[in-house]
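Right, one structure below, let's go through it.
Laboratory data are not the source of any read-out in this text; all were calculated from the coordinates shown. Since this is a predicted model, take the numbers as computed values, not measurements. Heads up, the Cβs are rebuilt from the backbone with ideal geometry, glycines too, and the neighbour counts pull from every protein chain shown.
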Amino acid sequence: MTRAIIAAMALALSGAASAQYAAPVSAPPPQASIEAAKPGAPAPTGSNADEPFYRDAIADGVRDVALARLAATQSTNADVKTLAGTLANEHVTLNSELRDAGKVSEPRPTAADNRAMADMRKMSGALFDRTWLATMERDHLATIALFEDASLKAQDATTRHLATTALESLRQQLLQVQDLEKKLAGQ
């Protein structure tokens with residue numbers, strides 16, 4: 001039953017990975033910034049053939065920052081808190097590079113995204129940690145696929161280079177998440 005709950009929550013939380021889930025990176029912790037934002041994505045700020053990649057990548061990254069900040073404050077596990085801090089910092093940096101290169105603004109969260117975060121906030125202890133890790137794994141798999149596609153098919157050489165360069169870090173993050181999942185499963 002617990003595995004079913006974790007799987008359902010991870011699916012619900014990760015299902016919005018490309019659906020414009022983003023709180024401003026410079027905003028306070030996710031609870032205040034996500035709930036305050038209005039659903040819907042703002043209009044892009046420039047014309048760019050690779051704009052869909054940038055919009056989706058930034059949405060995924062900002063969503064991961066929000067979830068990482070939540071885990072950093074809500075988890076009681078030191079390893080989860082440490083990984084959450086690392087992920088938040090690395091995604092803030094990548095998001096900045098993506099915004100600068102793509103000249104797009106961050107999309108806002110949808111109502112479904114806000115509900116998923118609210119559900120996650122209601123969790124605690126091992127259930128929260130396992131659900132958060134499962135969500136991070138699913139999100140990173142989707143983000144890696146997005147970046148792999150852009151590294152091969154993006155119209156602009158700068159976009160291809162940025163996507164290729166970021167893949168190493170994203171794959172390393174995925175391995176860290178998977179390693180911690182295994183460690184916690186063994187406890």
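Listed values, structure above:
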{"item": "Region 71-109, subset touching a residue at least 60 places away in the same chain (Cβ under 8 Å) and among the hydroxyl-bearing types (Ser, Thr, Tyr), residue nearest to Leu127 (Cα to Cα)", "result": "Thr86"}
{"item": "Members of region 154-173 found to be assigned to a helix (DSSP H, G or I) and either of a type in the set (Lys, Arg) or surrounded by 15 or more Cβ atoms within 10 Å (Cβ to Cβ) (or both), listed by number", "result": "Thr159, Arg160, Leu162, Ala163, Thr164, Ala166, Leu167, Leu170, Arg171, Gln173"}
{"item": "Single residue of Glu97, Glu106 found to be under 16 Å from the mean Cα position of the chain (by Cα) and not in a helix (DSSP H, G or I)", "result": "Glu106"}
{"item": "Cβ-Cβ under 7 Å pairs, at least 6 apart or on other chains, region 168-187 side without any contact (Cβ under 8 Å) to a residue 60 or more places away in the chain, far side part of a helix (DSSP H, G or I) and among the charged types (D, E, K, R)", "result": "Leu174/Glu137; Gln178/Glu137; Glu181/Glu137"}
{"item": "Region 48-67, subset in contact with a Gly (Cβ under 7 Å, 6 or more places away or on another chain) and either in a helix (DSSP H, G or I) or without any contact (Cβ under 8 Å) to a residue 60 or more places away in the chain (or both), residue farthest from Val177 (Cα to Cα)", "result": "Glu51"}
{"item": "Qualifying residue in region 129-148 (condition: in a helix (DSSP H, G or I) and without any contact (Cβ under 8 Å) to a residue 24 or more places away in the chain)", "result": "yes"}
